[in-house]
Amino acid sequence: MGEVVEALLARVRAARAGLAAAVAADDPYAVAAAQDELDDAVRFARRHGLDVTVAGADEE
């Protein structure tokens, strides 16, 4: 796996973790911001040819 692929997948994983933390904190603003980051990370990864889903960031 190349460095770019690893970085993109790491961004998706980090965004998923951030969303989970925001949900656990019951913070609506943080949830909205984290969801936006996750959406952007998944969109960017897909644009670069990675087959990621919101639920499965470890996929290629």
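Scanning segment 39-56 for residues that are farther than 13 Å from Leu9 by Cβ and not in a loop (DSSP other than H, G, I, E, B) returns Asp39, Asp40, Arg43, Arg47.
Can you name the residue in segment 1-21 that is among the β-branched types (Val, Ile, Thr) and surrounded by 14 or more Cβ atoms within 10 Å (Cβ to Cβ) and is also farthest from Val52 (Cα to Cα) among such residues? Among those that are among the β-branched types (Val, Ile, Thr) and surrounded by 14 or more Cβ atoms within 10 Å (Cβ to Cβ), it is Val5.
Read the figures in this text as sums done on the coordinates, not as results from a lab. Since this is a predicted model, take the numbers as computed values, not measurements. Every residue, glycine as well, gets a Cβ built from its backbone with ideal geometry; the counts of neighbours run over all protein chains shown.
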